[in-house]
Amino acid sequence: MEFGRKLSFIGHTVHLSITIRNRLHKDVSMFSDIEAVKIYDKHPTKSVGAQLITTVVPTLIAPGRMIAIWEIPATLARGTYFDEWNFKVKGISVKETKQFFVETDFTSFEEIITNDYKITLNPTTVFTDSKEYIRFKMEKPETTIFPKAQIRITSVAKLDIRFTLKIRKTGPGLDNNNINQIDSDVFINALFPGEPVIIAESPVVIESEFLDITSFEDTAYFLLDAVGVTPGAYNLQLKIFQGEEEKVLRPMGLRINDSDLADSLSLFDPRTASL
């Protein structure tokens, strides 16, 4: 199992990452002259007697983003540790120090069946023809580890049950011998002949299978491809795995909207412009 800065365990892998962006434009910056990441038991510049524990060669995984993967020794003590990064950006030397926490105790005494999950969804609205990461954050219980999870997408639509409305012409006030009346024994939807009439509506639920999603620290996420998806209201439903428990959580709403330029008040309409 892999962990990150918020909570890691001895004997497991910790992922330490760093991203550099331009402060003004927020675009990523390129690294150069990348040195090995140094891991200390104390802050290397703010503490006295900081000891170097090990060095890890980082990997450049994308422009402006590096990651260092370290297998935490089983003998490491519980506590906060510091990772120091040294590199150059546009020829300027940069030193950045971050921190991560390591736990040694795997034992948990709470009853897992009493867990009351509170998970937030972000974003709650996306537009068609877009691809966005949909993120779930574990707010409660107060833990930084998002358990193994699966997700399914459901859509609820109204199915119109339509019938042809037939009204018999025989009855009080009608002269069956009047040749000016229609010869058949029924009127077919008298006002709009041949047009079906809605008699009832029935909800129809369309849902996908549960599929695995990626989780890291207190967040789980998946990439939603909304290109060509029919706009409407959809539900995202998580299944959480913890020990022997498999719990399907309440659905969370996701709105997929079409781009409707008619709603924009900033559009110039020459018909309403004053001369």
- Would you mind stating whether Ile39 is under 30 Å from Asp225 (Cα atoms), touching a residue at least 24 places away in the same chain (Cβ under 8 Å) and either within 31 Å of the chain's Cα centre (by Cα) or in the same structural domain as Gly11 (by TED's automatic domain parsing) (or both)? no
- Task: Could you please give the count of residues in the stretch 8-32 that are in contact with a Ser or Thr (Cβ under 8 Å, 6 or more places away or on another chain) and farther than 24 Å from Phe106 by Cα?
- Result: 4
- Name the residues in the stretch 115-134 that are in a strand (DSSP E or B) and out of contact with any Ser or Thr (no Cβ under 7 Å at 6 or more places or on another chain), would you? Lys118, Ile119, Thr120, Leu121, Asn122, Thr125, Val126, Lys131, Glu132, Tyr133, Ile134
- Query: Wholly within the stretch 16-73, which strands (runs of 3 or more DSSP E) include no fewer than the required count, namely at least 1 residues that are loosely packed, with under 14 Cβ neighbours inside 10 Å?
  - Reply: 52-56, 59-62, 65-71
- Note on the structure: Expected output for the stretch 222-233 (first residue under 16 Å from Arg152 (Cβ atoms), partner of a type outside the set (A, V, I, L, M, F, W, C) and outside any strand (DSSP E or B), Cβ below 7 Å, 6+ apart or cross-chain) is Val229/Thr128
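The values are calculated or read from the model by the stated rules, or taken from the named source; none is laboratory data. The structure displayed is predicted, hence computed values, not measured ones. Don't worry about glycine lacking a Cβ; one is built from the backbone with ideal geometry, like all the others, and counts go over all protein chains shown.
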